[in-house]
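Read-outs: derived from the displayed coordinates by stated rules, not from any lab. Note that the structure is a prediction, hence the values are computed from the model and not measured. All Cβ positions, glycine included, derive from the backbone under ideal geometry; neighbour counts span all protein chains shown.
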Amino acid sequence: MSENSPELDDDTGTFESGLPGFLGTIDGWIANTEAVILAAGVILMAINTCVNVIARFVFGEGLFFSGEINRILIILVTFAGIGYAARYGRHIRMSAVYDALPPKGRKILMITIALFTSAVMFFLCYHSFGT
């Protein structure tokens, strides 16, 4: 970076688990696996799409399985991305109120949001098994 540009605070370079002992090691492996799945999934989608377009123009017909592979990769990247976003706290959220609060207020708000989300998920789960 140049001398005049501010340093960006990026904490996604390495992951250090807060779990003790062997659980922390497993958690680190899972974090690395998620990152590899995300990167590989996006790259494979791009390659698959490019090969399909080239095949369509060169041979007059695309790969018959290209759409299905891209659907599977989108699902894979979506679910791996959910874990990755949760692990690094990179959810898409409206943070104007959160940023205006002091640290203790932020902590209370995050706990409240997590409890409310859990209640909604349990409510949906309960009703999914209902009549």
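General observations
- Given their separation in residues at 0.36 nm each and the Cα-Cα distance between them, S66 and S118 gain 15.0 nm when the chain is fully extended.
- For region 32-72, chymotrypsin sites (Phe, Trp or Tyr not before Pro) meeting the loop criterion (DSSP other than H, G, I, E, B) and having at most 11 other Cβ atoms within 10 Å: F64, F65.
- Region 70-131 and region 27-68 have their alpha-carbon centroids 27 Å apart.
- Contour minus Cα-Cα distance for A46 and F79 (0.36 nm per residue): 10.1 nm
- Note on region 17-92: the alpha carbon radius of gyration divided by the globular reference 2.2 N^0.38 Å gives 1.48.
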